[in-house]
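Read-outs throughout are calculated quantities, based only on the coordinates presented, and are distinct from any laboratory measurement. If you're wondering where the values come from, they're calculated on a predicted model, not measured in any experiment. Glycine gets a Cβ as well: all are built from the backbone with ideal geometry, and neighbour counts include every protein chain shown.
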Amino acid sequence: MRIDRLVGILSILLQKEKTTAPELAERFEVNRRTINRDIEELCKAGIPIVTTQGQGGGISIMDGYKIDRTLLTNKEMQDILAGLRSLDSVNGTRRYAQLMDKLSVGSSDFMTGNQSVLIDLSSWYQNALSSKIETIRDAIDSRMELDFIYYSPRGESRRRIEPYYLIFKWSNWYVWGWCQERGDFRLFKLNRMEELGVSDHIFEGRDCPLPDLRDVSVFPGGIEVKALFGPAYKWKLVEEYGPNCYVEQEDGRLLFRSGFANKDYLIDWLLRFRDGVELIEPEEIRAEMRMLIESMRTVYEGEQPLA
């Protein structure tokens, strides 16, 4: 919670000419010694905070620092608050909402203006994800290794990693860390992790590069796709790829062209449209789709067991 409290104290100082340590301690439900340490941290970060003693004294930002007092506009502050509130949708708590409630008491319209941006990062797997996210965050903060079973297309395996980053990307949550089994940094999808636990081993940390999250890096192998869709699926194409992703044909069908980075994802995506799409190119994947459909037919007719 310390980083949340530091943001909160800075927000108050940007809004008010002066406050006091007892007021801050009461608002954030900590003691005055903790507030004093927080003020020291803000000073180390380059914020020129001054304290004055006696009647009328208190904590304020140094005079002459007026430009930085207006560094955050109303709209920018609202965006920051929207981001903070979105974290509650992830971990299933009201931690950040409670922080905002404390800051809004007696504050300016920085905190009480119209909330026009609402962000919800939860998913269908909210109940399972929230506990994983909290466990991983705690492990990253305390530099504790994580143990879990991981499910991948190659099977399931027990993994132990040094966690460094919790990432929201492609509408899913991932953890980026050093995998002891692979001897390298790896990206793990939280929905594929089970029996997640924090080990009793503290790691010292290593020079951790930021993950390359470009689609072509994580899903290599560009595939140029040409397909015909029924007009009933126009809305779906527009939703996922925009209104310029197809050319309407004389018979009303939609000629779609796009690049895909992963063959398995492409096949899964096409199957969502059932009989409303025909893959034209590439020919080798069209042939694979034909074999897959035939295999599915034999399963549903009871001619072969499930693979």
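Using a basic spin-label model with each label point 7 Å from the Cα along Cα→Cβ, how many nm lie between Gln53 and Ile202?
Between Gln53 and Ile202, the label points sit 3.7 nm apart.
Measure out, as a whole number of angstrom, how far apart the alpha-carbon centroids of region 221-296 and region 132-203 sit.
So the two Cα centres are separated by 34 Å.
Treat each spin label as a single point 7 Å out from the Cα along the C-beta direction, and report the Asp141 to Tyr265 distance in nm.
About 3.2 nm, to one decimal.
Could you pull out the GluC sites (Glu not before Pro) across region 156-262 that fall in loop regions by DSSP (anything but H, G, I, E, B) with no more than 12 other Cβ atoms inside 10 Å?
Working: sites: Glu156, Glu181, Glu194, Glu195, Glu204, Glu224, Glu239, Glu240, Glu248, Glu250; in loops: Glu181, Glu204, Glu250.
Listed in order of number, the matching sites are Glu181, Glu204, Glu250.
Among the listed pairs Lys169/Lys236; Lys16/Lys169; Lys234/Lys263; Lys132/Lys226; Lys44/Lys189; Lys18/Lys169, which are separated by more than 29 Å between their Cα atoms? Don't jump to the answer; show the numbers that get you there.
On the way: Lys169/Lys236 21 Å; Lys16/Lys169 37 Å; Lys234/Lys263 23 Å; Lys132/Lys226 40 Å; Lys44/Lys189 37 Å; Lys18/Lys169 41 Å.
Where the Cα-Cα span goes over 29 Å, the pairs concerned are Lys16/Lys169; Lys132/Lys226; Lys44/Lys189; Lys18/Lys169.
Starting from the 7 Å offset along Cα-to-Cβ, what nm value, one decimal, do you get for the label separation of Ser152 and Val7?
Taking the two extended label points, one gets 3.3 nm.
What is the set of long-range amide H partners of Arg143 at a cut-off below 5 Å, with H atoms built 1.01 Å from backbone N?
The list, which skips near neighbours in sequence, is empty: none.
Place +1 on the Cβ of every Lys and Arg and -1 on the Cβ of every Asp and Glu in region 132-184, take the dipole about the Cα centre, and give the residue among Gly177, Tyr150, Ala139 whose Cα lies farthest towards its positive end.
Tyr150
Say R0 is 35 Å: what FRET efficiency, to the nearest 0.05, do Asn191 and Glu29 get from their beta-carbon distance?
Values: r = 35 Å, r/R0 = 1.00.
Calculated value: 0.50.
What is the calculated FRET efficiency for Ser295 to Glu239, with r their C-beta to C-beta distance and R₀ = 35 Å, to the nearest 0.05? Write out the running numbers ahead of the final one.
On the way: r = 30 Å, r/R0 = 0.85.
The value I calculate is 0.70.
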